[in-house]
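Everything on this sheet refers to the single structure shown next.
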Amino acid sequence: MPQKSLKKVKALVVGIDRYASPVPALSGCAADAKAMALFLKDFPGIELDLILLTDNDANKRNIVRYFVQHLGKAGPDDVAFFYFAGHGTRETASRVFLESDPGGQLQSILCVEGVWRENGQIRTAFLANKELRYLINSVARKGPHILTIFDCCHSGQNTRSADAGVHIRQCLPSNARLGSDKAFPERPWEDFIFSGEITQADFAGRNIGELLPEGRHVQLAAARQDESAFEKDGRGVFTRNLIDLLERCRGKVTYYDLQSRIRNFIKNDFRQTPQMYVSSEEPNEVFRCFLDLEAAGSGPVYGNVQYKQPEGWTMDIGSANGVSGMAAAVQVATMDDSRSWTATLAKVNPGESILAFQEEPPRDLLGKGFVEGFLSAPVKVFVRGAAGGQKNLDLVKKVIREKGGKNLFLADHEYEADYTVNIAESGLTVTRPEDWARPLVPLVKEISAAGASTLCSFLNHISRWEYVRNLHNAKTRYKYHPVRIDFFRVDAAGKEELLEPEGEVIRMKSEPGLKIKIRLTNQTDEKLFVSLLYLSVNFQVFTKLIPQISTLLQPGEVLYAWENRPIPQKLEPQIDAFNWAYSPSWVKLIVSNFHLDVSNLEMMPLPSPLETVKRGFDLEEEKPEDASDWTTRTIEIELGNPNYREG
């Protein structure tokens, strides 16, 4: 058997403790960088090409140079890996960035030169998020898998723990006695690494995505934008736990699972919430294994299970993720499926569930919990058709009963059904009831048990999609929509028009060059987290309309979807082909007053009934008195078909 080739990994690892005065020194960043470098050197299955920069070597010039010249060598089948441990900070954003950074600040990392005065002016050696975006895009052009990891603060209160051994990896002006206590002043444009290619004038009438496109990458960060990243006893809390978890999982862990497990490890002792961001329109990127060593399939439909004090056994998904308190049991297994246990749901909170075992697993278990009916809605299916007579009807119904799980039910009458399975001479397909001429999924040409099984997989996918579309919190305490959502029609000339919904429906007629903009406004006096999902007629759930899957909005803050870029509207090809009056799609807003990870709601689209596919959008334990709350709003967008023929 031929030996499997090693994955080539180009790595740039940076750790800075000894910053130039007046930036306060840290004590664990260089150690974290060295520990990460050692971990990578011992990591199986890779061919490592590593550059390690610590302290004086980690100046801005070197970091930029090696990012471009070293990581830039990674090819289509390689990995480009960037790790940074040090201070994070905030700086006032140039006016040209205000649309993409509505808070008016850039999150930045500090290179070793730090901050100094020159001719009475504050000068800085920062790498802002926009500069990192520029660097990542330069590497992404060759198509490698890019992973970036940041163990630093990006914002949050500049407080210090009562534990003398705990420090915060954050530098704000008050630390350095150089200005306000919120953010460093706006820097001269020429200090941005891309200033030689892009001028401020270039942004006139253009959005940031055009001038600074976002290269495809996965990012892991130590904390949320409103939190601090801590170091304790000479090591970063995030990096120490990250390496520990990777070693315990032998690296065979998806980014989705890695973020969830490390988050549960850290939040017992520290107020920091590790984050993951995937800048890709490919939902399954989040379910790839660390360093892209192994594709992990279409994504888990399970929660991560572990023992925590004082809660006990917890699973990192709850009611807002699709877990029903009516579920009979949770099947819990080790990550390699070598052992399993049965648990019951003792309590279902919005973001996590508490499990009870009769036979308790070892308390160091990092397991996965499968919940019956998770992320699915009951769907009634009627089977009709004359091809093959009663024999084929019985066959298809038998397969649906056996493979439909807990959420597909056979309807006795078509008027009771949500969807109809049609058996015709040409094969099997799914339609709306009594709308047999307009298929929703591709034709399954083989009328057999195998063909019916394929169709059943389509129906199970639709069942999950229906759950997301209908997701709501019947017990929410919000009496009105806490976050306002506005839609703007943008014509081919760029003219914007505010659209007034009819109830929860927005109607537009398709025309060349038609686009829309979406604006979110926090109407309350509390900070809220928002998620914005797009659901297509092809049963896709897309979660990346806003920068983070769960984005923090301060009171009164405004956020535009898609980085304030107009989103092209296109009719799906089957709309014309099957003479639909309009093409439906849905925008779902999820609002919560706590961080809510909805990444497991994401779904790839089912194949179009036609061969050509175009998307409509071209694009702590809960106590009885706990204030945790969430709510949703779903807006349907009806894009009228100008070629529709009545009759």
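A short reminder: the numbers here are calculations on the coordinates, not readings from a lab. For clarity, every value in this text was computed on a predicted model and none was experimentally measured. All Cβ positions, even for glycine, are placed from backbone atoms using ideal geometry, and neighbour counts span all protein chains on display.
At-a-glance table
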{"quantity": "Ellipsoid equivalent to segment 24-113 - semi-axes via the Cα gyration tensor, in Å", "calculated": "28, 19, 12"}
{"quantity": "Rounded to the nearest 20 debye, dipole of segment 1-65 from Cβ charges on Lys, Arg, Asp, Glu", "calculated": "280 debye"}
{"quantity": "Rh (Kirkwood; distinct C-alpha pairs) - segment 483-640, Å", "calculated": "16.7 Å"}
{"quantity": "Segment 185-209-segment 573-602 distance, computed between alpha-carbon centres (Å)", "calculated": "34 Å"}
{"quantity": "Burial ordering of TRP436, TRP465, fewest other beta-carbon atoms within 10 Å first", "calculated": "TRP436, TRP465"}
{"quantity": "Sequence-distant lysines (8 or more away, or on other chains) whose Cα lies within less than 16 Å of LYS527", "calculated": "none"}
{"quantity": "Anchor LYS509: lysines whose Cα lies under 18 Å away (excluding residues fewer than 8 positions away in-chain)", "calculated": "LYS495, LYS517, LYS570, LYS614"}
{"quantity": "Computed helical MRE - 222 nm, the chain, DSSP H runs ≥ 4 contributing -39500 (n - 2.57), nearest 500", "calculated": "-5000 deg cm²/dmol"}
{"quantity": "Whichever lysines have a C-alpha closer than 17 Å to that of LYS368, once near sequence neighbours (fewer than 8 apart) are set aside", "calculated": "LYS252, LYS308"}
{"quantity": "Kirkwood hydrodynamic radius (C-alpha pairs) into Stokes-Einstein, segment 303-371, 25 °C and 0.890 mPa s, D in µm²/s", "calculated": "211 µm²/s"}
{"quantity": "Cα gyration tensor category, rounded, prolate or oblate, for segment 379-469 with a/c compared to 1.5", "calculated": "rounded"}
{"quantity": "Extreme residue, positive dipole direction of segment 483-640, given options LEU498, SER510, LEU596 (C-beta unit charges)", "calculated": "SER510"}
{"quantity": "Surface/4 of the Cα convex hull for the chain, nm²", "calculated": "32.0 nm²"}
{"quantity": "Unit charges on C-beta of K, R, D, E only; dipole of the chain, Debye", "calculated": "660 debye"}
{"quantity": "24 Å Cα-Cα threshold exceeded, pairs from LYS397/LYS445; LYS479/LYS588; LYS60/LYS544; LYS34/LYS130", "calculated": "LYS60/LYS544; LYS34/LYS130"}
{"quantity": "Percentage relative contact order, segment 303-371, counting C-alpha pairs under 8 Å, at least six apart", "calculated": "41 percent"}
{"quantity": "Ranking of ASP292, ASP435 by count of other Cβ atoms within 10 Å, fewest first", "calculated": "ASP435, ASP292"}
